[in-house]
Amino acid sequence: MSTDSLSRAFTVLIRRDLLLAARRRAEMANPLLFFILVTSLFPLGIGANPNLLQAVAPGIIWVAALLAAMLSLDSVFRSDFEDGTLEQYLMSSHPVSVLVLAKVIAHWLVTGLPLLVISPLLGILLGLPETGIKTLFITLLLGTPVLSLIGSVGVALTVGLRKGGMILSLLVLPLYIPLLIFASSAVDSAAAGLPVTAHLSLIAALLVLALSLSPFATAAALRVSLS
Amino acid sequence: MFNNFFHKLASPKHFYRIAGNLIPWLAGACLLLVLAGLYYGLLVAPADYQQGDSYRIMFIHVPAAWMSLFIYVVMAVAGAIGLIWRMKLAEVMLISSAPIGASFTFLALVTGSIWGKPMWGTWWVWDARLTSELILLFLYLGVIALHSAIDDRRIAARAVAILALVGVINVPIIHYSVEWWNTLHQGPTVTKFDKPSIHLSMLIPLLLMAVAFKLYYAFVVLMRARCEVLERERNAGWVRELAEEK
Amino acid sequence: MNLTEFLHMGGYGFYVWTSYGISLLVLLVNIIVPARQKTKLLADIARKARRARSTS
């Protein structure tokens, strides 16, 4: 097993997942539409007072992003589990953590990236000032991969279960809380014109931590779930 | 000789017997310490200058919060041991601890909430400690839910071990992020659980209750662990003999 | 201090005793549940063993 074949397996896996997702383009839209819809519900629910909306915008958009990411998690391993490809990954000579990373990257490209792209629009909808929107974008850029990475551990633990989706939220949402706290307060501070380097560094630290640890946890969880 | 002891301990049958012998002693010691702690805490310790007699809730709230964290760490360690050395006993200890840890977390939340009502006028405040405890409760419930969702006991034990390990890494992160979050949104009010400047007369019952709670955990986790062992080994000869001699 | 003072807890009686009461309840439940579970489990195992023997 050479590193050359490993890197090829890595890219092949990403390309395959992207291709599969492209064939089901309608499904890609679901988390995105959910994101927009949930964000839009809030003005309807709490009134259109611009000051109020602006104050709660960072929290609302980030909670909506959390929920959208969580709903989309099921697709990371579902189809591979059902047709037996997942077992093939475990039996291959490549380290499972690397294969997992490839799948998570593909998943983020398909589900997280759209959220990122649409976020400025949502910021405008809720009346965020420009500084806020810029920081919102950066926090989502750094944060949505964290959502996919941490989420993948939860999915791996529940992939074999019938009602896995319900338990998944219970497992994963508490782990999302630090990210939520740092990200929404970053946008809050930016909207108020305060510096945000501290917040962004913390989020970047979470990203690095998730990137380095979660593939191993996910790989271990897959092994357990498929044993 | 120690090797022999650990070998015996790891065998479910011997664990069952040894645990059964330990339980009454641990329970007795726990009861003594609880009575002593309550005596000193409710009768001997004076009323607090600021909070009057309501601070006495602290003698339950603080040890319960300590236990909620302690038990989670124990669960994570047991999970690691179970995963690395495939030790059945470690798996049993993990799943037996979860409901107890959740109970202590629940107690910390409830007593914290009740303590806050006379002080702050509301039944709930989103202060750092209560918020952290709430998230910890979710982590415990996640472990319990995942374990009950998986049919195969052995797979369930290992899945839950991974979850506990992932959780324990997150606990300090969650704790500090919530504290930080709290300082952002906190008004200029004093933090809710500024403990009264601790006199020795208050410290002693606090420590007595803390140790009592640890002993409580010890004997209750052994009780649950014995049930779990019986469940896992129900087809073994020694279990059948045990059941029939009753 | 006498009994009424003790129960009154300087005006905070309701809060203090509710806390201690709920705690006692939760701690007792955590003892009773495994104890009953064990007896039930052993009875269940014994019953199944007897049934298996009688049919063999």
(request) Kindly express, to the nearest 10 degrees and within the range 0 to 90, the angle between helix A:113-125's C-alpha long axis and the longest C-alpha principal axis of chain A. (result) 10 degrees
(request) At most 16 other Cβ atoms within 10 Å and a DSSP loop assignment: could you name the trypsin sites (Lys or Arg not before Pro) in region A:1-52 that fit? (result) A:ARG24
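Which value, to two decimals, describes the C-alpha radius of gyration of region B:91-165 once divided by 2.2 N^0.38 Å?
Values: Rg = 15.2 Å, N = 75, 2.2 N^0.38 = 11.3 Å.
It is 1.34.
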(request) May I ask for the angle, rounded to the nearest 10°, between helix A:197-225 and the longest principal axis of chain A, with both axes built from Cα atoms and the value confined to 0 to 90°? (result) 30 degrees
(request) Could you please report the charge total around B:ALA27, scoring K, R as +1 and D, E as -1 over all other residues with beta-carbon less than 15 angstrom from its beta-carbon? (result) +4
(message) Connecting C-alpha atoms closer than 10 Å in a GNM of chain B, tell me which of B:PHE219, B:PHE104, B:PHE70 has the biggest fluctuation.
(response) B:PHE70
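Would you calculate the volume per residue, in Å³, of the smallest convex hull containing every Cα atom of region B:41-168?
Roughly 106 Å³ of hull volume per residue.
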(message) Quick check: convex hull over the Cα atoms of chain B, volume per residue in Å³, rounded to an integer?
(response) 152 Å³
(request) Send over the semi-axes of region A:1-66's equivalent ellipsoid, whole angstrom and largest first, taken as the square roots of 5 times the C-alpha gyration tensor eigenvalues. (result) 41, 15, 6
(message) Tell me the mean residue ellipticity at 222 nm calculated for chain B from its helices only (DSSP H runs of n ≥ 4, each -39500 (n - 2.57), averaged over every residue, nearest 500).
(response) -28000 deg cm²/dmol
(request) Mind counting lysine pairs for me in the protein assembly as shown? Cα separation below 21 Å, and the two need to be 8 or more apart along the chain or on different chains. (result) 14
(request) Would you please state the base-10 log of I(q)/I(0) at q = 0.13, 0.19, 0.24, 0.29 1/Å for chain C, with intensities from the Debye formula using one equal scatterer on every alpha carbon? (result) -0.57, -0.76, -0.89, -1.01
(message) Restricting the calculation to Cα positions, tell me the Rg (one decimal) and the Dmax (whole number) of the protein assembly as shown in Å.
(response) 26.3, 82
(message) Can you tell me the orientation of helix A:164-191 relative to chain A, as the angle in degrees between its alpha-carbon axis and the longest Cα principal axis, to the nearest 10?
(response) 40 degrees
(message) I need the phi-derived Karplus couplings for region A:30-47: 6.51 cos²θ - 1.76 cosθ + 1.60, θ = phi - 60°, integer Hz, Gly and Pro marked x.
(response) 4, x, 5, 4, 4, 4, 5, 4, 4, 4, 6, 5, 5, x, 5, x, 10, x
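Determine the dipole magnitude for chain A: charges of +1 sit on the beta-carbon of Lys and Arg, -1 on that of Asp and Glu, nothing else is charged, the reference point is the Cα centre, and the result goes in debye to the nearest 20. Display every interim value, and only then the final one.
Values: 12 positive and 10 negative charges, 52 e Å.
Around 260 debye, computed over chain A.
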(request) Go through B:224-234, C:44-54 and give me the packing order, highest mean Cβ count within 10 Å leading. (result) B:224-234, C:44-54
(request) Could you tell me which helices of chain B pass both thresholds, a Cα extent of 27 Å or more along their own axis and a mean Kyte-Doolittle hydropathy of at least -0.5, with helices taken as whole DSSP H runs? (result) B:12-38, B:58-85, B:88-120, B:128-149, B:153-185, B:200-232
(request) Could you give the spread of the C-alpha atoms of chain A along their three principal axes, from largest to smallest, in whole angstroms? (result) 57, 33, 29
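Laboratory data are not the source of any read-out in this text; all were calculated from the coordinates shown. Quick caveat, the model's predicted, so the values are computed rather than measured. Every residue, glycine among them, receives a Cβ derived from its backbone with ideal geometry; neighbour counts consider all protein chains shown.
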